[in-house]
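This report concerns only the one structure given below.
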Amino acid sequence: MPYKILDKARLNSVTSKIVIEAPYIARNARPGQFVVIHIDEKGERIPLTINDSNPKDGAITIIFQGVGRTTCRLAALKKGGFVQDVLGPLGKAADFGRAGRVIFIAGGVGIAEILPVARYARANNNIVTAVTGARTKELLILEDEMRGASDRLFIVTDDGSRGARGVVTGPLKELLDKEAFDLAYCVGPDIMMKFACGLTKQYNLKTLVSLDANMVDATGMCATCRVKVGGEVKFTCVDGPEFDGHLIDWDEFMKRQKRFVALEKRAMEYHGHKCRMPG
């Protein structure tokens, strides 16, 4: 059954937002979960976090970057268009309840992924501090939404064009030096999560991360999304995407991620593909 695109917007030069009609998913989705989208019979299946769900309208919102063939094709679709399949909700939802003082760390498109979990934290009477970052002001997304979901919001950009100049671990360390937190939650580029978890481990602060692993079937059968957590092999699609960041073998995980990035790059070069983000 085709799924209609109810709305479409470009947030910046590389990031798009689409609203998809998917009543069952909208009714059952919880913060932290994701869907797998299949554009058409020739397309690959791609996992994308559910940024928002509206049971009344029967719609879900997805925010993503056009970086590969499939995400660029998805970004090129128009309002009123269709995708062939949307599978979900998948993965385990955030379930930390009332932890106390929670600090969120997000980078890039990870801000879209962390927003529903920050809202969940506020709804459960947690005190929410958030640190968000991007390379430039132009690539920073959802500032107003994150401010509304947080008691405090700290912003950094690599070039200092918005907020402080630097990376998210800068203000994170300053906050950990001065204050006590009960839980940290981190989403963003793999290398950012690795360093953030290395920092919070020094302060003995439990840290949850949401992994954006490469997937194929998203049912635990293909093992493409496997990750080693505390010495045990887990599957991101069914055991995650949320894990204890201090227990992840980050070097092994990132090595696997790079392998698929290299394959995608070669495929794009072979087909002469260029990603042009539409309006």
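The values are calculated or read from the model by the stated rules, or taken from the named source; none is laboratory data. The model shown is predicted, which means the values in this text are computed figures rather than measured ones. Cβ coordinates were reconstructed from backbone atoms using ideal geometry, including for glycine residues, and neighbour counts include every protein chain displayed.
Taking segment 48-69 as the range and being surrounded by 19 or more Cβ atoms within 10 Å (Cβ to Cβ) and more than 17 Å from the chain's Cα centre (by Cα) as the test, only 59 passes. Among the residues in segment 3-20, are any of a type in the set (Gly, Ala, Ser) and touching a Phe, Trp or Tyr at 6+ places or on another chain (Cβ under 7 Å)? Checked against the condition, which is being of a type in the set (Gly, Ala, Ser) and touching a Phe, Trp or Tyr at 6+ places or on another chain (Cβ under 7 Å), segment 3-20 yields at least one hit. Out of 233, 238, one residue alone is under 14 Å from residue 47 (Cβ atoms) and surrounded by fewer than 21 Cβ atoms within 10 Å (Cβ to Cβ). It is 238.
Tell me, which strands (runs of 3 or more DSSP E) lie completely within segment 150-222 with 1 or more residues that are farther than 20 Å from residue 93 by Cβ and either without any contact (Cβ under 8 Å) to a residue 12 or more places away in the chain or not aliphatic (A, V, I, L, M) (or both)? Even if it seems obvious, please write down each step before you answer.
Working: elements: 152-157, 183-187, 207-210.
Filter on segment 150-222 gives 152-157.
From the list 220, 160, exactly one residue is over 30 Å from residue 87 (Cα atoms) and either within 21 Å of the chain's Cα centre (by Cα) or surrounded by fewer than 17 Cβ atoms within 10 Å (Cβ to Cβ) (or both). Which is it?
160
Can you tell me which of 78, 42, 4 is surrounded by fewer than 16 Cβ atoms within 10 Å (Cβ to Cβ), in a strand (DSSP E or B) and out of contact with any helix residue (DSSP H, G or I) (no Cβ under 9 Å at 6 or more places or on another chain)?
On the way: 78 fails: in a strand (DSSP E or B); 42 fails: in a strand (DSSP E or B).
From the options 78, 42, 4, the qualifying one is 4.
Quick check: anything in segment 18-26 exposed (fewer than 15 other Cβ atoms within 10 Å of the Cβ) and acidic (Asp, Glu)? No, segment 18-26 contains no residue that is exposed (fewer than 15 other Cβ atoms within 10 Å of the Cβ) and acidic (Asp, Glu).
So which residues in segment 9-47 are of a type in the set (Ser, Thr, Tyr) and within 13 Å of the chain's Cα centre (by Cα)?
Looking only at segment 9-47, we keep the residues that are of a type in the set (Ser, Thr, Tyr), and these are 13, 15-16, 24.
Correct list: 15 only.
What do you reckon, is residue 31 at pLDDT below 95 and in contact with a Phe, Trp or Tyr (Cβ under 6 Å, 6 or more places away or on another chain)? When the stated conditions are applied, residue 31 does not pass them.
Here residue 121 fulfils each of the conditions (1) farther than 18 Å from residue 209 by Cβ; (2) modelled with pLDDT of 95 or more; (3) over 14 Å from the mean Cα position of the chain (by Cα) apart from (1). Of the set (1) surrounded by 21 or more Cβ atoms within 10 Å (Cβ to Cβ); (2) out of contact with any helix residue (DSSP H, G or I) (no Cβ under 9 Å at 6 or more places or on another chain); (3) in a strand (DSSP E or B), all apply to residue 102 but (2).
Please work out if residue 117 is in the same structural domain as residue 171 (by TED's automatic domain parsing) and either surrounded by 17 or more Cβ atoms within 10 Å (Cβ to Cβ) or outside any helix (DSSP H, G or I) (or both). Criteria met by residue 117.
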